Amino acid sequence: MEALAKAIGLIHIAASIALLNGLLTTFGQAKIVSTAIESIARQPEAADSIRSAMFVGLAMAETSGIYGLLIAIIMLFANPLVNQLVSLIG
Amino acid sequence: MPLNVDNIWILDIFGIEVWITETIVNSWIIMAILIALAIFIRIKMRKFKEIPTGFQNLVEAGVEMFHNFAQNTLGEKLLYISPWFFSIFVFIFSSSLFSIFGLRAPTADFATTGAFALATFILMIVLGTRHKKGEYIKSYFEPHFIFFPLNLIGELAKPVSLSFRLFGNMLSGTIILTLYYSLTPIFVQIGIPAFFHAFFDVFFGAIQTYIFVIISQMYVKTAAD
């Protein structure tokens with residue numbers, strides 16, 4: 001039982017580390033949006049094409065954040081290695 | 001709203017178990033609604049006039065908006081494929097609206113998004129070989145035939161990232177709403193979740209649908225053009 005508790009604690013720490021990539025993802029997305037707003041302010045007549053390009057770029061930059069989220073979800077809810085971890089600790 | 005996908009019943013077809021999950025039933029419901037809407041519009045179309053009014057105006061505006069959008073991203077040569085993308089657009093958007101009613105959205109299951117991404121992948125290969133013939137197969141061996149594994153991995157990563165993006169976004173909304181419903185007392189569950197639903201289902205659903213469709217169109221265009 002104690003080994004299972006330790007394993008769950010370790011898995012939660014690992015999931016939170018996997019979610020830390022949100023820091024860099026958010027930073028990159030902020031950079032994309034700030035550059036897009038700058039270019040819209042410079043050329044308001046090109047706002048529509050800049051906006052659609054910005055959305056595609058945001059989606060591309062979001063991919064790594066989504067991968068981190070999925071890894072965290074798989075580790076928390078569908079972890080295939082819990083039994084090995086418990087037998088290793090206990 | 002539980003987190004795991006429920007199994008409603010198990011069919012047994014010649015010794016092979018076929019699982020009918022909640023996702024499949026929900027997507028059947030959406031398909032039934034969309035087919036009924038399509039038949040309704042088809043019957044109404046017999047009475048359509050030269051100068052549109054009322055309901056005809058709405059339908060024509062929707063089709064024309066998507067036609068212009070597809071013309072900008074796909075180009076004239078591939079425009080005949082745009083009805084497929086319109087049906088994907090309508091299905092994904094209505095399935096993300098489906099979780100407003102407290103049911104599980106079919107796009108919050110990897111089976112649905114994986115199937116759509118696989119369809120885009122097959123479309124890329126078929127249209128690439130149809131429009132560029134041998135040049136498409138040759139593009140896997142550019143600039144040199146040693147680069148074939150790298151090109152193959154790059155091509156296989158496209159449907160994977162496409163499906164994981166939609167799945168992750170929809171699943172995160174479902175998880176946050178499930179946490180809210182299970183952690184809060186009953187008197188804050190009236191009214192306040194409407195804002196969460198408006199943000200996670202309607203707003204994120206619309207943006208992710210737009211992004212899924214525009215990125216699949218870009219992939220098909222780069223493969224075929």
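Laboratory data are not the source of any read-out in this text; all were calculated from the coordinates shown. The model shown is predicted, which means the values in this text are computed figures rather than measured ones. Glycine gets a Cβ as well: all are built from the backbone with ideal geometry, and neighbour counts include every protein chain shown.
For region B:7-224, averaging the sequence separation of C-alpha pairs within contact (under 8 Å, six or more residues apart) and dividing by the residue count gives a relative contact order of 26 percent. Taking all Cα pairs closer than 8 Å and separated by 6 or more residues, the relative contact order of region B:96-223 comes to 39 percent. Candidate cross-link partners of A:Lys31 among the aspartates and glutamates, defined by an alpha-carbon separation under 16 Å and a same-chain spacing of 8 or more, comprise A:Glu62.
With neighbours defined as other Cβ atoms within 10 Å of a residue's Cβ, the residues B:Ser95, B:Ser139 order from fewest to most as B:Ser139, B:Ser95.
Sort B:Tyr136, B:Tyr180 so that the residue with the fewest other Cβ atoms within 10 Å of its own Cβ comes first and the one with the most comes last.
Numbers: B:Tyr136 18, B:Tyr180 15.
By the 10 Å Cβ count, ascending: B:Tyr180, B:Tyr136.
With 28 Å as the limit, write out which pairs from B:Lys77/B:Lys158; B:Lys138/B:Lys221; A:Lys6/B:Lys158 have Cα-Cα distances beyond it, or answer none. Checking Cα-Cα distances, A:Lys6/B:Lys158 exceed 28 Å. The GluC sites (Glu not before Pro) of region B:50-119 meeting both criteria, a DSSP state outside H, G, I, E and B (loop) and at most 14 other C-beta atoms within 10 angstrom of the site's C-beta, are B:Glu50, B:Glu76.
Excluding the site residues themselves, the longest part of chain B lacking any trypsin sites (Lys or Arg not before Pro) in a DSSP loop with at most 14 other Cβ atoms within 10 Å is B:134-225. Across region A:2-89, Cα pairs under 8 Å and at least six residues apart give a relative contact order of 54 percent. Neighbouring Cβ atoms from other chains, within 10 Å of the Cβ of residues in B:166-173, number 3 on average.
For region B:1-42, state which chymotrypsin sites (Phe, Trp or Tyr not before Pro) are in a DSSP loop and have at most 15 other beta carbons lying within 10 Å of their beta carbon. Of the chymotrypsin sites (Phe, Trp or Tyr not before Pro), the ones in loops of region B:1-42 whose Cβ has at most 15 other Cβ atoms within 10 Å are B:Phe14. Among all the aspartates and glutamates, which ones have a C-alpha under 15 Å from B:Lys133's C-alpha, if same-chain residues fewer than 8 places away are not counted? Leaving aside aspartates and glutamates fewer than 8 places away in the same chain, those within reach of B:Lys133 are B:Asp225.
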